[in-house]
Amino acid sequence: MTFLKAAKHADIAAENNGSHALQSHEITSASEVIARLIKNIETVIFGKTEVVEGCLIGLLAGGHILLEDVPGVGKTMLARSLAKSLGATYKRIQFTPDLLPSDVTGSLVFDQSSSQFHFREGPIFANIVLADEINRTSPKTQSALLECMEEGQITADLVTHLLPRPFFVIATQNPTEYEGVFPLPESQLDRFIIRLSIGYPDAQAEKALLREQRQHHPINEMESVTSAEQVLDLQAQVRRVLVNDAIYDYILRLANATRSHPQLMLGLSPRGSLALARAAQAHALIRQREFVTPDDVKAVASAVIAHRIIPLPEARQNRNFTEQIVGELLQSVPLD
């Protein structure tokens, strides 16, 4: 059975099970919103459509992204332009060695007038949070993000505080620096649905950037083109994108291939498999389809898998080793 035929069978099964597949008008409406977002962000981030789409995949899939690149390529601008395009609340946290967990999540403050302690929210309480240079802070402070990113809440003095929705963390780090940094542990990396690298722009895009910023920065004139409520609707639509058993089997074959790979110490976790399926759903929606194909899985596989798998010590000197492994698996693992 081909994947397209399987998708139609999955559509029929979904109707029989009482769930609702996306309708054509919903696909059209979603594509219009996504196109507006991409066009708006690209008034600031030039020539990086693939990166912008990757960022939106992370957002629409309900995850968080890690931007790993050298300084000055637009990591902060990407986060700011996304927040402005959404009309969402935005906070930036500059991670430093002396940053405390309470500086991120918030703390109890004594109110003398009422003689009571009140919780003062930290900068994590925003729709879009930029965790800038996340690997420059201590593991204790890094771990303060685990509950936030996984459950959308924080717990202070045994009281749970819900974070705004949508809640999206964009963390950045410089991969070329090794002094004064605390590498993210596997448990933290596994919380990021996607890892992206912006890279240098081509000559034409950089020339356009120089021209546009000659007198002012375009982000100062940027206006929102959607809303946080529409983003929540898009996230709900992503979960309704059909994934048939053939796609699930393909994802599991990829996951098992990483777990048994002779050059890997740690393969893809079940959370990673779920992230791959969810990212593929978001990619399908961006491509205006109501079902996932193998091309959707392949398109997001490297960004989802590469930062989650851990090579053996002798292979760690090659920074692109995990990307190479994923590329080889996409060539060798059969579709059916």
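The values are calculated or read from the model by the stated rules, or taken from the named source; none is laboratory data. Note that the structure is predicted; figures quoted are calculated from it, not measured. Every residue, glycine among them, receives a Cβ derived from its backbone with ideal geometry; neighbour counts consider all protein chains shown.
Quick notes on this one:
- Some residue of the stretch 131-138 being out of contact with any Phe, Trp or Tyr (no Cβ under 7 Å at 6 or more places or on another chain) and not hydroxyl-bearing (Ser, Thr, Tyr): no
- Residue satisfying all of: in the stretch 253-273; surrounded by 14 or more Cβ atoms within 10 Å (Cβ to Cβ) and free of Cβ contacts under 8 Å to residues at least 40 places away in the same chain; farthest from Val300 (Cα to Cα) among these: Asn256
- Test: residue in the stretch 184-194 that is at pLDDT 90 or above, part of a strand (DSSP E or B) and closer than 28 Å to Ser85 by Cα: yes
- The stretch 262-280, subset in contact with a strand residue (DSSP E or B) (Cβ under 7 Å, 6 or more places away or on another chain) and not in a strand (DSSP E or B), residue modelled with the lowest pLDDT: Gln263
- Taken over the stretch 134-165, the residue count meeting the criterion of being surrounded by fewer than 23 Cβ atoms within 10 Å (Cβ to Cβ) and in a strand (DSSP E or B) is 7.
- Options Leu330, Leu242; residue that is farther than 28 Å from Thr172 by Cβ and either in contact with a strand residue (DSSP E or B) (Cβ under 7 Å, 6 or more places away or on another chain) or surrounded by fewer than 22 Cβ atoms within 10 Å (Cβ to Cβ) (or both): Leu242
- Of the residues making up the stretch 198-250, those that are in a loop (DSSP other than H, G, I, E, B) and either more than 25 Å from the chain's Cα centre (by Cα) or of a type in the set (Val, Ile, Thr) (or both) are Ile198, Gln213, Arg214, Gln215, His216, His217, Val225, Thr226, Val241, Val243.
- Residues of the stretch 292-336 that are at pLDDT 90 or above and charged (D, E, K, R): Asp295, Asp296, Lys298, Arg308, Glu323, Glu328.
- Any hit, the stretch 281-294, residues being surrounded by fewer than 18 Cβ atoms within 10 Å (Cβ to Cβ), assigned to a helix (DSSP H, G or I), touching a residue at least 60 places away in the same chain (Cβ under 8 Å) and of a type outside the set (Lys, Arg): yes
- Taking the conditions (1) in a strand (DSSP E or B); (2) surrounded by fewer than 17 Cβ atoms within 10 Å (Cβ to Cβ) in turn, Ala131 satisfies each one other than (2).
- Residues in the stretch 139-171 that are in contact with a Phe, Trp or Tyr (Cβ under 7 Å, 6 or more places away or on another chain) and free of Cβ contacts under 8 Å to residues at least 40 places away in the same chain were compared, and the one that is farthest from Ile57 (Cα to Cα) is Leu163.
- Where a residue in the stretch 21-43 is of a type in the set (Asp, Glu) and its partner, wherever it lies, is surrounded by fewer than 17 Cβ atoms within 10 Å (Cβ to Cβ) and not in a helix (DSSP H, G or I), with Cβ under 8 Å and at least six apart: none
- Boolean, Glu150 is charged (D, E, K, R) and in contact with a Pro (Cβ under 7 Å, 6 or more places away or on another chain): no
- Boolean, Gln116 is touching a strand residue (DSSP E or B) at 6+ places or on another chain (Cβ under 8 Å) and assigned by TED's automatic domain parsing to the domain that holds Val159: yes
- Qualifying residue in the stretch 166-182 (condition: within 17 Å of Lys75 (Cα to Cα), over 20 Å from the mean Cα position of the chain (by Cα) and surrounded by fewer than 20 Cβ atoms within 10 Å (Cβ to Cβ)): yes
- Segments classed as strands (runs of 3 or more DSSP E), wholly inside the stretch 55-126, with at least 2 members that are crowded, with 22+ Cβ neighbours inside 10 Å and modelled with pLDDT of 95 or more: 65-68
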